[in-house]
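Everything below concerns the one structure shown next.
The values are calculated or read from the model by the stated rules, or taken from the named source; none is laboratory data. Since this is a predicted model, take the numbers as computed values, not measurements. Quick reminder, even Gly has a Cβ in these numbers, built from the backbone with ideal geometry, and neighbours come from all protein chains shown. We work out accessible area using only protein heavy atoms, side chains counted, and drop any ligands, DNA or RNA first. Shrake-Rupley method; radii C 1.70, N 1.55, O 1.52, S 1.80 Å.
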Amino acid sequence: MRVCSGIVVRMFDVLVYLYETYWRPDACPNHEQLMRKLAAAGFESDEIEEALSWLDGLASAAESYSGQQGAASMRLYTPTELERLGEDSIGFVSFLESAGVLPPPMREMVLDRAMALTAPLALEDLKIIVLMVFWSLGEEPDALILDELFVAPEERWIH
């Protein structure tokens, strides 16, 4: 369990559970069955509802994505985005873009889902959002990106 701005943020625990349990969004049962399964797994009803609502927004964004690649673009962040995301998260998004794994339309999906949250976002939570965007599109990030998403920088081997 993580705390963000004094609020317990367990919605991300639900999202990670879904990612680990269902290999694609269409493998998930309907909302009613999923709510029962998540409750049986030990999640509280309010965090389940929050996660499912967030996932509904992600599904809407994924429908409009439909594999579009989009040309390279420069992203200017609003003051609200800068405040909510923070330097670490914006730097991570820029890293993924420069590595060629997060095209502009996917970047916008990540930012949309990050801004759907009301509290400032920790980098570890942004990484979960990135993972869920890939998941929602039925894409798996390559091994190096998965390493970036799951391994803390201080735990990496330096070659």
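One residue alone among I48, I128 is open to solvent by 20 Å² or more (accessible area, probe 1.4 Å) and either within 19 Å of R24 (Cβ to Cβ) or modelled with pLDDT of 90 or more (or both), and that residue is I128. Restricting P105, P120 to residues that are modelled with pLDDT under 95 and in contact with a Phe, Trp or Tyr (Cβ under 7 Å, 6 or more places away or on another chain) narrows the list to P105.
Kindly indicate whether any position in the range 16-27 is open to solvent by 50 Å² or more (accessible area, probe 1.4 Å), within 19 Å of I145 (Cα to Cα) and part of a loop (DSSP other than H, G, I, E, B). Looking through the range 16-27, at least one residue is open to solvent by 50 Å² or more (accessible area, probe 1.4 Å), within 19 Å of I145 (Cα to Cα) and part of a loop (DSSP other than H, G, I, E, B). Being hydroxyl-bearing (S, T, Y) and under 22 Å from W23 (Cα atoms) is the requirement here; does Y77 meet it? No: the conditions fail for Y77. The conditions of being outside any loop (DSSP other than H, G, I, E, B), small (G, A, S) and closer than 16 Å to E139 by Cα are not met by S89. If you check L144, L76 for being of a type outside the set (S, T, N, Q), at pLDDT below 90 and open to solvent by 80 Å² or more (accessible area, probe 1.4 Å), only one passes: L144. Looking only at the range 93-124, which residues are part of a helix (DSSP H, G or I) and within 20 Å of S60 (Cβ to Cβ)? Within the range 93-124, P104, P105, M106, R107, E108, M109, V110, L111, D112, R113, A114, M115 qualify. Filtering the range 102-125 to residues that are open to solvent by 30 Å² or more (accessible area, probe 1.4 Å) and not polar (S, T, N, Q) leaves E108, D112, M115, A116, P120, A122, L123, E124. Taking the condition surrounded by 12 or more Cβ atoms within 10 Å (Cβ to Cβ), under 18 Å from A62 (Cβ atoms) and modelled with pLDDT of 90 or more, does I90 pass? No: the conditions fail for I90.
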